[in-house]
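Visitor: Okay, here's the structure, questions in a sec.
The values are calculated or read from the model by the stated rules, or taken from the named source; none is laboratory data. Nothing here was measured: the structure is a model prediction, and the numbers come from that model. All accessible areas refer to the heavy atoms of the entire protein, side chains included, with ligands and DNA or RNA removed. Shrake-Rupley method; radii C 1.70, N 1.55, O 1.52, S 1.80 Å.
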Amino acid sequence: LIRQILEVEKAGTTQEKLELEEINLTSFINHVVDQFQPVASEKKIRLYGPSSASDVYLLTDQQLLQRIVENLLSNAIKFSDPGQPVRVLVEAGPAFTDVIVEDKGPGISKEEQQQLFTRYGRL
C-alpha cells in the first residue's frame with residue numbers, strides 16, 4: 001500500500017524517480033508526530049507516536065513518505081473532536097510493515113474509499 005501511495009504521490013510531483021533509502025521508520029514517524037504537537041494541542045487533541053521500544057527500518061522515499069504521514073495526521077486532527085486521542089502505530093510483520101493512524105473521526109464511506117489513491121480523486 002505504501003508503495004502504491006508513493007507512486008501516486010510521485011506522479012503528482014515533478015520528481016521523476018523514487019529516491020529510495022533505508023530509514024528508521026519509528027524515529028521518522030515520531031519526528032513528524034512531534035512537528036504536529038502544536039496543532040494537536042490547539043485543538044486539545046492528544047497525539048501519540050509509535051513506541052520507540054523496537055526500531056523498524058524501511059526502504060522508502062523519505063520525502064514522499066513524509067507527505068503521506070503529514071496528510072494522514074492532518075486529516076486525523078482535522079476530523080477528530082477536541083479531547084480525543086490520535087495515535088500512530090508501527091507494526092512490523094515478517095513480510096510487511098503497517099503504519100496505522102487511529103483516530104475517533106467519522107471515517108470514510110465504502111464508496112469514497114474506492115476513490116482513495118486515485119490520481120484526481122477528491123473526497
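Visitor: Take every DSSP beta bridge with both residues inside the stretch 30-123 and express the antiparallel ones as a percent of the total, to the nearest 5.
Guide: DSSP beta bridges in the stretch 30-123 are roughly 65 percent antiparallel.
Visitor: With every protein chain kept in the model, how would you rank V39, V101 by accessible area, 1.4 Å probe, largest at the top?
Guide: If we order V39, V101 from most to least accessible, we get V39, V101.
Visitor: Further, regarding this structure: Can you give me the long-range amide H partners of V86? Hydrogens built in the peptide plane at 1.01 Å from N, cutoff under 5 Å, separation of 5 or more residues or another chain.
Guide: R46, L47, Y48
Visitor: Here's another thing I want to ask about it. Going by amide H atoms built from the backbone, whose H comes under 5 Å of the H on Y57, apart from near neighbours?
Guide: Hits under the 5 Å cutoff: L25.
Visitor: Right, something else. Could you tell me the accessible area of R46 in Å² (1.4 Å probe, neighbours in place), rounded to the nearest ten?
Guide: In the full protein context, R46 sits at about 120 Å².
Visitor: Given a 1.4 Å probe and the protein chains all in place, what does the accessible area of E111 round to, in Å² to the nearest 10?
Guide: 130
Visitor: Next up: What ranking of S74, S52 comes out by heavy-atom accessible area, probe 1.4 Å, highest first?
Guide: Sorted descending by solvent-accessible area, the residues read S52, S74.
Visitor: May I pose another question? Can you tell me which lysines have their Cα less than 28 Å from the Cα of K78? Leave out same-chain residues fewer than eight positions away.
Guide: K10, K43, K44, K104, K110
Visitor: Also, quick follow-up: I'd like the accessible area for F79: 1.4 Å probe, protein heavy atoms, all chains in place, Å² to the nearest 10.
Guide: Ignoring ligands and nucleic acids, F79 comes out at about 120 Å².
Visitor: Follow-up. Across the stretch 41-123, how large is the tail of the calculated P(r) beyond 14 Å, expressed as a percent of all Cα pairs?
Guide: Distances greater than 14 Å cover 70 percent of the Cα pairs.
Visitor: Please list F96, F28 from largest to smallest accessible area, probe radius 1.4 Å, with all protein chains kept in place.
Guide: Most to least solvent-accessible, the answer reads F96, F28.
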